[in-house]
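To keep things clear, I will list the structure first and then write my remarks on it.
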Amino acid sequence: MLQDIPIQTPPLRGTSSCVLETERLTLRRPTLADVKAIAHLANDRRIAENTRRLPHPYLQDHAVEFVRAKATDNRETVFLIEHNYSPVGMVGIDRSEPDAAELGYWLGVDHWGQGFGTEAARAVIDFFFEEFDAEHLLSGARVANPASRNILEKCGFQWCGVELHRFEALGSSSPVDRFRLTRGVWSSLKNWGSSTRR
């Protein structure tokens with residue numbers, strides 16, 4: 001039946017060269033020129049243990065493979081987070097599962113505790129709800145990672161349960177708090193700050 005066929009939520013406009021700007025950050029598509037910085041930032045066990053798909057150690061070859069894959073993948077929109085023209089982390093939306101778009105992010109350890117995660121997440125959440133016709137956005141934080149949970153809660157996400165997820169760097173599964181942000185809640189919180197697109 002037609003209603004059983006999963007349909008990808010199409011973007012309202014093209015998103016391939018989109019740049020998001022916040023008060024302190026620039027979010028843009030990563031390029032091969034960024035692989036050294038990405039590998040340097042991501043090659044920390046504390047990041048990998050809290051990010052499902054990052055291996056540890058994280059080598060430049062991993063970064064090259066990642067950047068090349070994301071350049072052609074229409075199911076994920078990924079941004080390199082820059083502060084004062086220096087990369088500090090990554091943020092993106094994975095839309096590979098129908099009706100289950102998911103926000104993900106990580107920051108280099110030297111950039112923790114400065115509010116960059118919340119600022120970048122808010123910009124990408126705005127982008128998502130403005131560009132895609134979806135009613136909700138999902139995310140998760142490892143139960144052992146309260147800082148990530150705080151970012152999600154500051155962005156309006158509401159806890160909706162706990163699931164086990166496989167973490168590549170751990171080589172095992174770990175409990176993850178699951179969160180959901182609806183379009184209605186996002187709309188009511190939209191005045192949280194200004195982010196612009198160029």
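The values are calculated or read from the model by the stated rules, or taken from the named source; none is laboratory data. Here the structure is a predicted model, which is why all the values come from computation and not from measurement. Backbone-built Cβ (ideal geometry, glycine too); neighbour counts: all protein chains shown.
Figures for the structure shown
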{"read-out": "Hits in the stretch 88-98 - residues which are closer than 16 Å to GLU131 by Cβ and over 10 Å from the mean Cα position of the chain (by Cα)", "value": "ARG95"}
{"read-out": "Residue identified as over 20 Å from ILE151 (Cβ atoms), modelled with pLDDT of 95 or more and of a type in the set (A, V, I, L, M) among LEU80, LEU25, LEU59, LEU20", "value": "LEU59"}
{"read-out": "Residue check for PHE66: in a helix (DSSP H, G or I) and within 26 Å of GLU23 (Cβ to Cβ)", "value": "no"}
{"read-out": "Scope the stretch 125-151; condition farther than 19 Å from ASP99 by Cα, among the aliphatic types (A, V, I, L, M) and not in a strand (DSSP E or B); matching residues", "value": "VAL143, ALA144, ALA147, ILE151"}
{"read-out": "Unique residue being crowded, with 20+ Cβ neighbours inside 10 Å and among the aliphatic types (A, V, I, L, M) when the list is ALA33, ALA39, ALA121", "value": "ALA121"}
{"read-out": "Candidate set: the stretch 139-195, residues that are in contact with a helix residue (DSSP H, G or I) (Cβ under 9 Å, 6 or more places away or on another chain) and at positive phi; chosen: the one surrounded by the most Cβ atoms within 10 Å (Cβ to Cβ)", "value": "GLY156"}
{"read-out": "Strands (runs of 3 or more DSSP E) enclosed by the stretch 75-121 - at least 1 residues per element that are free of Cβ contacts under 8 Å to residues at least 60 places away in the same chain, in contact with a helix residue (DSSP H, G or I) (Cβ under 8 Å, 6 or more places away or on another chain) and over 21 Å from ALA48 (Cα atoms)", "value": "76-83"}
{"read-out": "Count - residues of the stretch 136-189 that are touching an Asp or Glu at 6+ places or on another chain (Cβ under 7 Å) and hydrophobic (A, V, I, L, M, F, W, C)", "value": "9"}
{"read-out": "Matching entry among GLU102, GLU97, GLU131, GLU135 (being under 25 Å from TYR58 (Cα atoms) and of a type in the set (D, E, K, R))", "value": "GLU102"}
